[in-house]
Every structure is written in C-alpha cells, then in structure tokens.
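Peer 1: Pasting in a structure now, in structure tokens, and then I'll have a few things to ask.
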Amino acid sequence: MGLSEGILGVKGESVKAEAPRRRLWLKRRERWLVILGVVLHAVYMLSIFDIYFKTPIVHGMDPVKPRFKAPAKRLVLLVADGLRADKFFEPDREGNYRAPFLRSIIKEKGKWGVSHARPPTESRPGHVAIIAGFYEDPSAVTKGWKANPVEFDSVFNQSKHTFSYGSPDIVPIFCGALPHSTWKSYPHEFEDFATDASFLDEWTFDQFQSLLNRSKEEPELKKLLLQDNLVVFLHLLGCDSNGHAHRPYSSIYLNNVKVVDHIAERVYSILEDYYKDNRTAYIFTADHGMSDKGSHGDGHRSNTDTPLVVWGAGVNYPKPISGRNHSDHAVRFVDEHVHDMPTPVDWGLKGIERMDVNQADIAPLMSTLLGMPCPVNSVGSLPLGYIDMTEAEKLEAVLANTKQIFNQFLRKSQIKQSSSLYFKPFKPLANYSSMLEQIEYLISIKDYKAAMTVSEELRSLALQGLHYFQTYDWLMLMSAVTLGYIGWMVYILLHVLQSYTTFAENVLMKKQAVQKRSYTGNVLFFGCLLMGLISILLFVEHSPPLYHAYMAMTVFLWTRIVGEHQFIKPLWRHISGKKFNYMSQLFAACLVSLIILELLVNSFTNRKLYTWCFLLVGVIAPFYLFKSMPWRSGIPIFVCISCWYLSFFTLMPAEIPDNNELVIASGAVIVLIGAASRWVDLRSQGNKNWLSICKCGVEKSRFSILFYVQEFLVGIAVVMVSLTTSHRTEKRELHALHQLINWSVAGFSMALPLFSECSLLSRLTSIFLGFAPTFLLLSIGYEALFYAALGVVLMAWILFENTLLHLTKVKNSSASMRNTDDRVTIQNGHRYLQLSDMRIPLTFMVLFNVAFFGTGNFASIASFEISSVYRFITVFSPFLMAALLIFKLFIPFMLVICVFSAITKLHRLPRLGCYFLVILFSDVMTIHFFFLVRNTGSWMEIGNSISHFGIMSAQVVFVLLLFALTNVFTKDIQTRPPSLYSQKAV
C-alpha cells in the first residue's frame with residue numbers, strides 16, 4: 001500500500017487554508033476526548049463492585065422457630081484453625097493415630113466426615129460459614145476480612161448466651177458486639193511464629209476451665225452456664241500458626257494435632273462431669289486446611305478438606321457403611337469436589353459410614369441440635385445423617401431450615417419487586433404457596449417421606465432463587481457497561497478516521513456541513529430525552545447513583561456516534577464498495593490484531609506466551625527483511641538474536657531471586673550495548689539503511705563528551721552495587737556517603753539525556769544509558785539483564801521500522817515522492833495513517849506488556865522485593881520505599897514509550913493518533929478482563945482478576961502520563977527529511 005493511501009485506502013488533498021483552524025479544532029477535541037476517556041474508565045471501573053461484589057445479605061426476615069424439642073441444652077464448638085483432614089485422620093510413621101480420643105468418638109459415639117470449605121480458604125470466611133451459615137460477604141473485599149461490612153446473624157446471636165475464647169482476629173468478630181456473650185482473647189503479641197504455638201490452644205482451654213471453676217463460687221455465672229441454648233466456642237489457633245511457621249508435615253504441626261485432640265478430650269471430660277445430664281452436643285472441625293508450603297487461600301484439597309466429628313446429645317451413633325449409594329448427587333461440593341469420594345485406606349475408617357458436608361451446613365446442624373432458629377442469612381442445608389431424631393422431628397428440622405432459606409428468597413423478591421417497574425419473578429417458585437400447603441397436608445396425614453422430598457425440593461429451588469436475585473441486575477449492568485466500552489472504541493475509531501486519515505476530506509462534501517449541524521442537534525435532543533427517560537426509570541426503581549452514571553455514559557457515547565451519521569454512511573458505502581483484495585487485507589489486519597490482543601490477555605496468567613511470541617517473531621521478522629535486503633547488512637541477524645535473547649526472561653520466576661553477580665554483569669552488557677550503538681551512529685552515515693536515524697546535522701555537538709560521561713556513570717553504578725551489597729550481606733551499616741553517591745549518580749544520569757545529540761539513535765542511546773544507573777542500583781537479580789535485553793529489542797524495532805521506511809522510499813522516484821509528501825501531510829510534517837501503520841501501536845502494546853512482567857508480576861505487588869531499595873534508603877520509610885519501587889517499574893515503560901515516540905517521528909505519524917489506537921486496543925483487552933473478574937475462588941484469584949481489569953482500565957491515564965513525561969526527552973529528536981534521504985537512496 002502506498003504512502004498516498006489513508007487507513008481506508010483513499011487518496012486526498014490537504015486544505016492548506018484551513019490548517020490553522022483544523023489544528024485548533026483537533027486540539028480542543030482531543031483534550032475533551034482524553035477527559036472523557038478518564039471519566040468513562042473511572043466510572044466503569046467501579047461497575048465491578050455493583051456487579052460482582054454486592055452483598056448477598058438481606059435484612060428484615062423473622063427467624064423460623066422450629067416445631068420440635070431441642071435434643072441438646074448446650075453445644076460446644078471446637079475449631080482447630082488450619083487443621084488438614086488428612087493430617088488429622090492419617091497415622092504417623094509408627095502407625096499410631098494422632099487423635100486417639102476423637103477416633104474413639106468416631107468408632108463408638110458419634111458421626112464423622114469431611115467438611116468442604118469454599119475458597120477463599122481463609123480464617124474469617126471459614127468461621128463465617130461455620131457459625132453464620134453463608135459464604136463470606138464479597139463486600140468484605142474492601143475490609144480485608146477484619147471488620148463486618150454488613151452485620152449478619154449467627155448461631156451465637158440466636159443463643160441465650162455464648163462463651164468464647166481464642167484468637168483476637170476471630171473471637172471479636174462474632175462476640176465483640178454481642179451483648180449476651182462472655183469472651184476473651186489473648187494479645188496479638190502471643191502469636192509468635194518463632195515458637196511452638198500450641199501454647200495458644202492450652203491458653204484457650206485454661207480460660208474455659210477457669211470459667212467452670214469460678215462458676216462454683218459465682219452464682220450468677222453458674223446460672224448462665226445452666227441455661228438452655230448455651231454455646232461454647234473454643235478457637236484453637238495453634239495448628240494454623242505452626243503450619244505457617246514450620247509447614248504441616250513438621251513434627252511441631254503434627255504434635256499440635258495431638259494437642260487439640262487432648263483438649264477435646266479434656267473439654268468433654270470436665271463438661272460431662274460438670275453437668276451430668278448427657279444434654280451436651282459437641283462439634284469438632286476446622287475452618288480451612290494448610291498447603292505443604294505452609295499457606296492457604298486457594299481451592300486445593302489440602303486447603304478445602306477439613307475434619308468434622310460430631311457427638312453427644314441428639315447425634316447419631318456410628319453405622320457401618322450401607323449399600324446405599326449417592327450417585328444421584330448432581331451437584332459438587334462448594335470446593336468443586338465430587339460426592340462419595342473414597343476414604344483413604346490408611347485412615348482406618350473404611351468400614352464406618354462417612355457423611356461429608358459443605359462447611360455452611362454446620363450452622364443449621366448446630367441450630368437443630370439446640371432447637372434454635374437457623375441464622376437468617378444461612379444458605380446451609382441440614383445434614384440429616386448426623387441427627388438422631390424421630391422421622392417427624394427430622395422433617396420439622398428440614399422444614400425449618402427450608403423456610404429460613406425460603407424467607408430470604410421472599411425478602412429479596414419483595415425488595416426487588418417493590419422497586420422494579422417491570423419485575424421478572426423467579427418462575428420455578430411461582431407456585432410456592434401450593435408447595436407449602438402440600439407439605440403441611442402431607443405432615444397432617446403423616447406421609448413424612450413425601451413431605452421430606454417436597455421440602456428438600458423447595459429448599460433447592462429457594463437457593464437457586466437467591467442466586468437469581470443476587471444476579472438480577474447483571475444482564476442490564478453488564479450490557480450497559482459493555483455497550484459503553486464498545487461505544488467508546490467506535491467513537492475513538494471514528495475520531496482517528498476523521499482526523500488522521502484522508503477519508504474525511506475526500507468523501508464528505510462541504511455542503512454537508514450545514515445539514516450535519518442540524519442533524520447533530522436533533523440527535524443530541526433525542527439523546528438527552530432518552531437519558532432523561534432512563535434516569536426517571538432508574539429513580540423510580542431506587543437504583544444506586546452509579547447506575548445513572550453507567551447509563552449516562554453509554555447513552556452519551558452512542559448519541560455522539562449517531563450524531564456522526566453523515567460521516568458513517570459514506571464510510572460504510574466506501575468499505576462495502578471496495579474490491580475483495582482490499583477487504584481481505586482489512587479483515588486480515590483486524591484478525592491479526594485480535595489474536596495478538598487475546599495473546600496479551602492470556603499472558604497475564606501465563607507469561608510463557610511471550611517466550612513463544614518472541615521466538616516466532618525472531619524467525620518471521622528477519623525472514624521478511626531478508627527478502628529485500630542481504631544478510632550481510634547484519635540487521636536481519638540482529639533482529640533474530642535480540643528477540644530470542646528477550647524470550648528467556650518470561651520463563652524466569654516472577655519473584656526475583658537475589659543475584660548480585662548478574663546485576664554487575666548486566667552493567668557490563670549495558671556499557672557494551674551503548675558502545676555498539678555509538679559506533680553505529682558515528683560510522684554508518686554513508687549506509688543507506690541507517691541514513692534516517694543517525695546524526696542529522698553536519699555540525700559537531702557541543703556535548704560530544706557526554707557519551708563517555710554516561711558510560712562512566714554506569715560503571716560507577718556497578719561499583720556501588722557491588723560495594724553496597726557486600727555491606728548488606730556482611731550486616732554492616734550502609735554509610736551516608738554511599739547513599740549520597742547513589743542518589744547523585746541516579747539523579748545526575750537521568751538529566752544527561754536532555755543534553756545529548758538530537759539524532760534519533762544518539763538521543764535514544766543516551767536515554768538508555770541515562771536510566772541504566774538508576775535501574776542497576778534498584779536491581780537485585782535478573783531484572784537488570786532484562787533491562788539490557790529490552791534495550792536491544794527496542795533497537796531491533798527501530799532498525800526494522802527504519803528498514804521498512806527505506807524499502808518503501810526506494811520504490812518511488814524523487815518527484816513522485818515529493819508529490820506524495822504534499823498529498824499526505826496533515827500538519828507539522830505529519831502524514832496520514834495507513835492500514836499498515838496498525839503494526840506500530842500493536843508492537844507497542846506487546847512490548848509495553850512485556851515491560852509489565854520483566855521486573856516482576858506487575859499485577860501482584862507481593863512479587864516485588866523491598867530489598868531492592870536498600871541502596872538508597874535503609875531506614876523504614878514506606879512512602880519513599882514505595883515511590884522508589886514504582887519508579888523502578890516505570891523505567892522499562894518509559895524506554896518503550898520513548899522508542900514508540902521516536903518511531904512515530906521516523907514515519908512522520910501523528911503521535912496522538914497512535915495513542916488513540918493504543919487506547920482502542922487496550923479497551924479490547926479491558927472488555928475481556930471485565931468478563932474475567934471473579935467473586936469466587938481464592939483471595940489471590942479474586943484480587944488478581946480485579947487488578948488485571950484495573951490495570952487495563954487505567955492505561956488511558958497511565959500511558960498518557962508517561963507520554964507527557966517522556967516527551968521531555970523525545971520532543972527534540974530529529975530525523976533526516978524524507979526528500980533528502982529518498983534522493984540519496986535512489
């Protein structure tokens with residue numbers, strides 16, 4: 001495609017008389033577009049909290065009082081924090097089981113199974129599921145699991161009194177604001193990972209034993225202990241702390257299993273001796289497990305499988321495994337594990353019936369044993385296998401559980417119906433009253449089996465209905481936001497076509513201007529009318545204020561697009577009238593762009609894709625160049641080697657290990673790269689392939705010594721890296737002189753590129769060397785070598801683009817070239833965009849995203865090592881340290897943007913036009929990440945999905961700010977005028 005062709009392949013002429021007016025219009029419009037982009041992305045970024053992270057909790061339901069006699073007067077809940085099921089049930093190396101007391105309970109007195117926790121497998125979500133019966137309120141994402149964002153009901157709330165002892169991170173959540181509770185927690189200082197934390201469990205037991213002893217002398221306390229509906233909660237943190245500190249296969253952790261078993265035995269013994277009425281129920285379980293690495297949070301079985309042992313009043317006795325199978329279970333557990341998984345042989349429990357539950361099922365189990373209403377927000381299903389009741393009582397227990405879940409459904413339905421003009425009910429429960437009547441009728445005729453079936457069906461439908469209303473607004477909100485993003489991208493594309501291609505000047509006739517003004521006014525009027533109508537509807541439905549903002553942005557954008565009707569119609573006619581050859585080129589360009597952008601999306605979770613990408617480009621790009629230029633020029637080989645060199649770095653771990661030798665070697669590599677670039681700049685002026693990027697002027701620079709100063713500063717930085725690292729490893733204090741030198745070298749070196757020669761290669765080499773000392777001083781390992789690799793690849797990009805430019809120029813004669821230059825010039829020497837120019841913003845997107853992962857996983861701040869700032873500051877200062885870390889991350893981005901700006905100057909492309917194409921491509925990725933946001937799974941998975949979406953949403957501002965910052969270094973870059981180098985080349 002020739003230079004005279006615009007992005008749609010249409011020739012045109014500049015209207016020189018209107019150039020000043022056009023420049024003013026373009027400047028105003030683009031300033032307004034940037035502001036609009038910032039506002040739009042900020043508003044739509046908030047939409048994920050209305051869509052994915054809306055609390056499932058509703059208030060206003062009355063507790064459902066059960067219609068059966070309570071089997072137990074009191075209940076003891078023992079939670080061994082961080083206890084894995086397998087470590088609890090399996091024997092040790094000598095063949096002895098670590099929990100002999102609880103195993104005897106399983107075999108002689110109670111029921112057992114595995115409690116399946118739902119990710120995120122953290123302490124607070126696990127305890128909320130056990131005690132309150134629902135899975136953590138997603139709005140807790142903003143509170144870090146500490147405070148209660150929304151108050152909720154729990155088994156403790158329904159009890160007459162609760163006694164609780166344990167961790168200061170758990171006990172206050174459920175008892176801190178509960179008036180009918182007695183609780184105590186140890187100080188945070190007790191949680192010392194350097195010690196055996198089993199003493200925390202002993203402290204908890206001692207507090208409870210002391211309570212019972214005091215009650216013998218305090219009548220008021222004894223009265224509390226003797227009342228019905230009493231709950232005792234002992235939180236045993238030892239396994240969790242020891243698992244984190246010593247790993248769950250360590251002797252300390254495994255010994256802690258014996259400690260909690262012994263505590264369970266002593267609690268049982270002293271309570272049976274205290275009450276002597278056999279009316280106490282006991283539940284032993286864990287909130288989550290522990291991985292072999294000493295962590296938890298994800299959905300691995302080691303984290304989700306926890307032990308459950310239940311015995312005492314109202315609990316069934318052990319049964320041998322029956323022939324009854326559970327193959328009719330159509331759903332999985334909340335941790336995505338199937339039902340009826342085989343019990344491991346080494347657990348020694350294969351002959352005893354095992355009853356697995358979802359973690360939230362424990363709350364209705366506790367409520368049933370105490371004869372209390374279930375927590376009003378519970379979504380757990382009563383596990384009947386644990387209950388020792390008559391058939392009629394079991395039915396009443398299931399019915400109470402069903403009605404409590406059903407009441408939540410009714411309340412959510414009522415809230416939504418009261419505010420909806422067009423309410424869509426949950427159809428499967430449209431005849432819920434007849435189901436309730438049927439249950440009561442079946443009870444009256446004592447057909448308990450049929451009543452149980454209908455009750456369980458109603459409960460299942462009610463749970464589905466809760467999910468239906470939880471996601472009731474999703475379709476509307478996601479449609480509005482998606483249409484908004486698409487509208488923004490269409491509007492950006494129209495702006496690029498109108499402002500940076502020849503299409504607008506050639507297709508649109510001047511006489512359409514008046515018609516367009518009138519048409520645009522009508523469209524704006526109807527757009528305002530539509531927005532007013534939508535706002536009234538949202539107001540009547542009591543929608544949150546942000547709903548108005550989402551709709552307003554979407555309607556506004558599409559109103560503006562429809563307002564461009566006079567431009568869109570001829571645009572469509574032009575595209576549809578093109579020959580098949582052109583249409584195939586356009587389709588291929590769009591398809592390749594989508595493939596690259598999808599690769600970038602997937603690279604956020606699989607960095608190795610970049611390795612394959614650069615290995616492939618290292619073959620294709622040189623082969624393309626080889627068709628038009630000889631290998632002896634060195635350029636094809638250089639492009640190949642540089643791409644393969646960079647491909648190794650995305651195989652490296654995101655957490656960068658310390659390697660001082662690599663940092664020092666990187667300094668030497670950077671010096672060599674600078675020297676090679678300088679040699680090319682000085683020695684290749686007569687080479688036609690280098691003509692436009694080497695020194696432009698014949699006069700000698702006043703700052704020719706600058707290059708040697710910059711190389712010297714890189715050397716000084718390498719020396720300081722070695723010196724300061726040796727001080728740190730030898731535990732010696734870093735001298736103030738060392739810090740002063742480091743700060744001076746970093747600051748001085750970054751200012752020097754402003755005084756370098758203005759030729760493209762000279763200035764970019766100076767920028768590369770200018771930021772190198774700072775980056776080296778902030779490096780601890782392979783990321784310093786990545787800086788050199790990125791610099792080499794950026795140089796290869798420049799050479800590739802320069803070669804393409806030269807090959808294009810030599811195809812035209814000098815005269816025709818001059819005529820073409822006249823026809824394609826927009827302003828300030830810039831030319832119109834072509835379809836082939838899409839490769840430049842796409843290449844920028846790839847390299848910009850590679851820079852995200854070259855110094856660590858940018859989406860996870862935990863992957864950055866704070867020791868990388870110790871050469872500048874050793875006294876803890878979070879703000880300064882964070883600023884240094886962030887600046888280190890920005891340096892590779894700044895290099896990429898400097899080269900991108902230089903290439904736009906080389907091709908005489910409008911930089912803002914290319915910026916808008918970058919934003920267009922970014923938002924294709926943003927929409928994809930919008931649909932990938934997760935509100936279930938591990939906390940890391942949820943957080944990463946939010947950060948990926950947030951990073952892409954912020955690029956409209958992020959890239960623009962870096963453009964402005966790097967413009968200080970790149971605004972003076974000069975390339976040889978096209979008429980000069982084209983004539984020499986020809």
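The values are calculated or read from the model by the stated rules, or taken from the named source; none is laboratory data. What you see is a predicted model; the values in this text were computed from it and never measured. Neighbour counts are summed over all protein chains in view; Cβ atoms, including those assigned to glycine, are modelled from backbone coordinates with ideal geometry. These accessible areas exclude ligands, DNA and RNA; they are computed on the full protein's heavy atoms, side chains included. Shrake-Rupley method; radii C 1.70, N 1.55, O 1.52, S 1.80 Å.
Peer 1: Return the residues of segment 610-658 that are open to solvent by 60 Å² or more (accessible area, probe 1.4 Å), aromatic (Phe, Trp, Tyr) and at pLDDT below 85; say none if nothing qualifies.
Peer 2: Phe623, Tyr624, Phe626, Trp631, Phe648
One line per residue, one yes/no per condition, for (1) within 25 Å of Thr471 (Cα to Cα); (2) among the aromatic types (Phe, Trp, Tyr):
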site	(1), (2)
Val39	no, no
Ser47	yes, no
Val58	yes, no
Lys65	no, no
Phe68	no, yes
Arg84	no, no
Lys87	no, no
Pro91	no, no
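Peer 1: Ala400: hydrophobic (A, V, I, L, M, F, W, C), buried (at least 23 other Cβ atoms within 10 Å of the Cβ), in a helix (DSSP H, G or I) and in contact (Cβ under 8 Å) with a residue 24 or more places away in the chain, yes or no?
Peer 2: yes
Peer 1: Let me ask something else about it. Within segment 694-706, is even one residue modelled with pLDDT of 85 or more and more than 39 Å from the chain's Cα centre (by Cα)?
Peer 2: Yes; the residues of segment 694-706 include at least one that is modelled with pLDDT of 85 or more and more than 39 Å from the chain's Cα centre (by Cα).
Peer 1: Here is a list: Leu777, Leu769, Leu842, Leu761. Which entry is modelled with pLDDT of 90 or more and buried (at least 23 other Cβ atoms within 10 Å of the Cβ)?
Peer 2: Leu769
Peer 1: Could you list, in sequence order, the residues of segment 534-560 that are aliphatic (A, V, I, L, M), modelled with pLDDT under 90 and more than 21 Å from Ile415 (Cβ to Cβ)?
Peer 2: Answer for segment 534-560, where residues must be aliphatic (A, V, I, L, M), modelled with pLDDT under 90 and more than 21 Å from Ile415 (Cβ to Cβ): just Ile534.
Peer 1: Looking at the structure I just gave you, is Leu785 open to solvent by 10 Å² or more (accessible area, probe 1.4 Å) and within 30 Å of the chain's Cα centre (by Cα)?
Peer 2: yes
Peer 1: So how many residues does segment 923-965 have that are among the polar types (S, T, N, Q) and not in a helix (DSSP H, G or I)?
Peer 2: The qualifying residues number 3.
Peer 1: May I pose another question? For Lys293, state whether it is open to solvent by 60 Å² or more (accessible area, probe 1.4 Å) and in contact (Cβ under 8 Å) with a residue 12 or more places away in the chain.
Peer 2: yes
Each row is one residue, and each column tells you yes or no for (1) open to solvent by 30 Å² or more (accessible area, probe 1.4 Å); (2) touching a residue at least 12 places away in the same chain (Cβ under 8 Å); (3) within 27 Å of Ser367 (Cβ to Cβ).
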| residue | (1), (2), (3) |
| --- | --- |
| Val171 | no, yes, yes |
| Cys175 | no, yes, yes |
| Thr182 | yes, yes, yes |
| Thr195 | yes, no, no |
| Asp201 | no, yes, yes |
| Ser210 | yes, no, no |
| Pro219 | yes, no, no |
| Leu224 | yes, yes, yes |
| Gln227 | yes, yes, yes |
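Peer 1: Checking Asn819 against (1) at pLDDT 65 or above; (2) outside any loop (DSSP other than H, G, I, E, B): exactly one of these is not met. Which one?
Peer 2: For Asn819, the exception is condition (1).
Peer 1: Output yes when any residue across segment 56-74 is touching a strand residue (DSSP E or B) at 6+ places or on another chain (Cβ under 9 Å) and among the aromatic types (Phe, Trp, Tyr), and no when none is.
Peer 2: No, that holds for no residue.
Peer 1: Is there a residue being within 17 Å of Thr121 (Cβ to Cβ), at pLDDT 85 or above and either in contact with an Asp or Glu (Cβ under 9 Å, 6 or more places away or on another chain) or open to solvent by less than 20 Å² (accessible area, probe 1.4 Å) (or both) anywhere in segment 266-278?
Peer 2: Checked against the condition, which is being within 17 Å of Thr121 (Cβ to Cβ), at pLDDT 85 or above and either in contact with an Asp or Glu (Cβ under 9 Å, 6 or more places away or on another chain) or open to solvent by less than 20 Å² (accessible area, probe 1.4 Å) (or both), segment 266-278 yields no hits at all.
Peer 1: Moving to a separate point now. Could you tell me which of the residues Leu880, Leu895, Leu906, Leu917 is within 29 Å of the chain's Cα centre (by Cα) and surrounded by fewer than 22 Cβ atoms within 10 Å (Cβ to Cβ)?
Peer 2: Selected residue: Leu880, the only one of Leu880, Leu895, Leu906, Leu917 that is within 29 Å of the chain's Cα centre (by Cα) and surrounded by fewer than 22 Cβ atoms within 10 Å (Cβ to Cβ).
Peer 1: Separate question: Keeping to segment 928-956, report how many residues are touching a helix residue (DSSP H, G or I) at 6+ places or on another chain (Cβ under 6 Å), over 15 Å from Leu46 (Cα atoms) and surrounded by 19 or more Cβ atoms within 10 Å (Cβ to Cβ).
Peer 2: Adding up the residues that qualify gives 2.
Peer 1: Run down Lys412, Lys394, Lys416, Lys446 and say which single residue is among the charged types (D, E, K, R), closer than 22 Å to Thr280 by Cα and touching a helix residue (DSSP H, G or I) at 6+ places or on another chain (Cβ under 9 Å).
Peer 2: Matching residue, one of Lys412, Lys394, Lys416, Lys446: Lys394.
Peer 1: I would also like to ask the following. Looking at segment 43-52, is at least one residue in contact (Cβ under 8 Å) with a residue 12 or more places away in the chain, within 30 Å of Ala549 (Cα to Cα) and in a loop (DSSP other than H, G, I, E, B)?
Peer 2: Yes: segment 43-52 contains one or more residues that are in contact (Cβ under 8 Å) with a residue 12 or more places away in the chain, within 30 Å of Ala549 (Cα to Cα) and in a loop (DSSP other than H, G, I, E, B).
Peer 1: Mind counting the residues in segment 66-97 that are open to solvent by less than 20 Å² (accessible area, probe 1.4 Å) and either closer than 29 Å to Tyr275 by Cα or assigned to a helix (DSSP H, G or I) (or both)?
Peer 2: 12
Peer 1: Scan segment 561-585 for residues that are open to solvent by less than 50 Å² (accessible area, probe 1.4 Å), touching a helix residue (DSSP H, G or I) at 6+ places or on another chain (Cβ under 7 Å) and either basic (Lys, Arg) or at pLDDT 85 or above (or both) and jot them down.
Peer 2: Ile561
Peer 1: Further question: Any residue that is modelled with pLDDT of 95 or more, in a helix (DSSP H, G or I) and in contact with a helix residue (DSSP H, G or I) (Cβ under 9 Å, 6 or more places away or on another chain) - is there at least one of those in segment 370-385?
Peer 2: Yes; the residues of segment 370-385 include at least one that is modelled with pLDDT of 95 or more, in a helix (DSSP H, G or I) and in contact with a helix residue (DSSP H, G or I) (Cβ under 9 Å, 6 or more places away or on another chain).
Peer 1: Another question, then. Kindly list the number of the only condition in (1) closer than 22 Å to Lys416 by Cα; (2) open to solvent by less than 30 Å² (accessible area, probe 1.4 Å); (3) free of Cβ contacts under 8 Å to residues at least 60 places away in the same chain that fails for Tyr547.
Peer 2: Of the numbered conditions (1) closer than 22 Å to Lys416 by Cα; (2) open to solvent by less than 30 Å² (accessible area, probe 1.4 Å); (3) free of Cβ contacts under 8 Å to residues at least 60 places away in the same chain, the odd one out for Tyr547 is (3).
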